[in-house]
Amino acid sequence: MIQPASGAVSSTPRQLALPRLLRLAPWVLAFCLPLVVDANASGNFAYCLVWAFSAVGLAAMWGQGGILSFGQTAFFGLSGYTYGIVTLNLGDGWISSWSGLIIGLLVSAGVAVLLGYMIFYGKIKGVFIGIVTLSVTLVLETFMAQTAGPQWVVGEARLNGYNGMTGMPPLTLPWFGGPVTLENIRFYYLVLVLLALVYALMRRLLDSPFGLALVAIRENPQRAEMLGIDIRRHQLLIFVLGCTLGGLSGALYTIWGSYITPSAMGLTSAAMPVIWVATAGRKSIGAAIIGTAVLVWLSQWLAVYGSQYALILMGAVLLFVVLAAPEGLLPSASNWARWVFTRRPPKSRSFETQKRSES
């Protein structure tokens with residue numbers, strides 16, 4: 001039976017990055033946060049959580065399946081623009097906003113199927129997947145930046161080129177006293193509930209035989225194929241799922257700010273999810289959520305003094321992680337805490353890694 005590699009996403013006690021009780025602590029703190037901050041601050045924290053969906057998708061692709069993609073922001077932008085086009089044409093109302101969200105996810109999933117099919121069934125592997133996905137992202141960003149003319153109109157929605165689309169309505173819910181607008185605290189709790197649901201479903205999926213097959217493909221594709229695993233189908237499925245989560249980030253971002261611009265798909269934006277996931281720990285979706293929320297919050301705080309400071313911080317953090325904690329900060333901190341509190345040694349390296357070091 002195939003066993004997950006050390007540090008892979010799993011719910012078994014030996015492989016949990018944090019004790020079971022401590023895993024619940026971030027969710028409890030996140031739930032109680034609006035009780036101690038005002039509505040505007042809750043909306044700002046919702047912005048930090050919005051990006052976590054994209055990070056979860058990348059952690060599943062990269063950490064579990066070994067697929068490094070720079071395309072999360074491409075699907076982020078696709079879903080955001082789709083939401084804007086749908087809602088600006090359908091007008092206000094809960095049917096319009098929820099239709100925009102659902103159609104945005106469907107567009108992201110459909111494009112991911114086409115791109116993933118060309119990548120995996122075209123036998124593109126390794127670093128070339130990152131090159132292809134980054135190229136697609138930059139092509140989309142360049143194209144959307146050139147749509148400033150009056151001819152670039154979809155119904156009532158103008159694309160507006162580099163200035164982007166604005167004026168999209170927020171999410172609303174039908175209620176007895178009239179529609180309820182999901183803004184600030186309400187939007188924060190919506191994002192938090194969706195994130196908890198995605199986290200639970202992704203853990204269940206990655207702990208299933210499908211997730212174990214992804215680990216086998218990541219560790220040794222040739223051996224996995226000899227065992228009868230359809231590696232291309234598994235890679236395509238996790239790629240589509242991860243990209244769709246990137247699209248969910250884009251739709252929620254557009255709902256949060258009522259705008260979307262081509263810069264959301266630029267080179268800097270494309271690199272950010274990779275930095276967040278690498279820094280937090282690519283083999284743990286829980287670490288990816290926490291790390292992304294913290295790093296996005298730090299970036300926004302530093303951006304008040306200048307956007308260059310946030311980029312310098314991200315570069316410095318990534319350099320430190322690559323040199324000192326290649327598995328990510330949170331898994332490394334977990335191993336250290338395990339040694340301090342239980343006197344257990346950190347997780348041992350794999351047999352193949354030890355064999356290479358001894359030779």
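The values are calculated or read from the model by the stated rules, or taken from the named source; none is laboratory data. Note that this is a predicted model, so its numbers are computed, not measured. As a convention, Cβ positions derive from the backbone with ideal geometry for all residues, glycine included, and neighbour counts pool all protein chains shown.
Could we say that A30 is among the small types (G, A, S), in contact with a Phe, Trp or Tyr (Cβ under 9 Å, 6 or more places away or on another chain), in a helix (DSSP H, G or I) and over 21 Å from S263 (Cβ atoms) here?
yes
Please tell me if G43 is part of a helix (DSSP H, G or I) and under 19 Å from V274 (Cα atoms).
No; evaluated as a whole, the condition is false for this residue.
Would you be able to tell me the number of residues in the range 13-27 that are surrounded by 15 or more Cβ atoms within 10 Å (Cβ to Cβ), assigned to a helix (DSSP H, G or I) and either out of contact with any helix residue (DSSP H, G or I) (no Cβ under 8 Å at 6 or more places or on another chain) or modelled with pLDDT under 75 (or both)?
Counting residues in the range 13-27 that are surrounded by 15 or more Cβ atoms within 10 Å (Cβ to Cβ), assigned to a helix (DSSP H, G or I) and either out of contact with any helix residue (DSSP H, G or I) (no Cβ under 8 Å at 6 or more places or on another chain) or modelled with pLDDT under 75 (or both) gives 1.
Could you please tell me which pairs satisfy a Cβ distance under 8 Å, a separation of 6+ or placement on different chains, a first residue in the range 224-252 that is of a type in the set (S, T, Y), and a second residue that is outside any helix (DSSP H, G or I)?
none
Which of (1) free of Cβ contacts under 8 Å to residues at least 40 places away in the same chain; (2) among the aromatic types (F, W, Y); (3) more than 23 Å from S108 (Cα to Cα) is the odd one out, the single condition Y189 does not satisfy?
(1)
Report, ordered by the first and then the second residue, all pairs with beta carbons closer than 6 Å, sequence separation of six or more or different chains, a first member in the range 129-146 that is over 11 Å from G71 (Cα atoms), and a second member that is among the hydroxyl-bearing types (S, T, Y).
Partner pairs satisfying both residue conditions: A145/Y162.
To keep it simple, each residue is scored yes or no on (1) of a type in the set (G, A, S); (2) over 22 Å from T133 (Cβ atoms); (3) surrounded by 19 or more Cβ atoms within 10 Å (Cβ to Cβ).
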site	(1), (2), (3)
L206	no, no, yes
P209	no, yes, no
R218	no, no, yes
S258	yes, yes, no
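Taking into account only those residues within the range 179-204 that are over 20 Å from T254 (Cβ atoms) and of a type in the set (D, E, K, R), which is surrounded by the most Cβ atoms within 10 Å (Cβ to Cβ)?
Per the stated criteria, the residue is R203.
If we keep just the residues of the range 46-70 that are out of contact with any Ser or Thr (no Cβ under 8 Å at 6 or more places or on another chain) and part of a helix (DSSP H, G or I), which is surrounded by the most Cβ atoms within 10 Å (Cβ to Cβ)?
The residue in question is Q64.
Yes or no: A303 small (G, A, S), at pLDDT 65 or above, over 18 Å from N44 (Cα atoms) and surrounded by fewer than 16 Cβ atoms within 10 Å (Cβ to Cβ)?
no
Restricting attention to the range 303-310, does a residue exist that is in a helix (DSSP H, G or I), over 18 Å from the mean Cα position of the chain (by Cα), farther than 26 Å from M144 by Cα and of a type outside the set (V, I, T)?
Yes, because at least one residue in the range 303-310 is in a helix (DSSP H, G or I), over 18 Å from the mean Cα position of the chain (by Cα), farther than 26 Å from M144 by Cα and of a type outside the set (V, I, T).
Filter the range 273-294 down to the residues that are buried (at least 24 other Cβ atoms within 10 Å of the Cβ) and assigned to a helix (DSSP H, G or I) and list them by number.
Answer for the range 273-294, where residues must be buried (at least 24 other Cβ atoms within 10 Å of the Cβ) and assigned to a helix (DSSP H, G or I): P273, W276, V277, A278, T279, A280, I285, A287, A288, I289, G291, T292.
Restricting to the range 313-355, give me the number of residues that are over 25 Å from N220 (Cα atoms), modelled with pLDDT of 80 or more and either outside any helix (DSSP H, G or I) or aromatic (F, W, Y) (or both).
1
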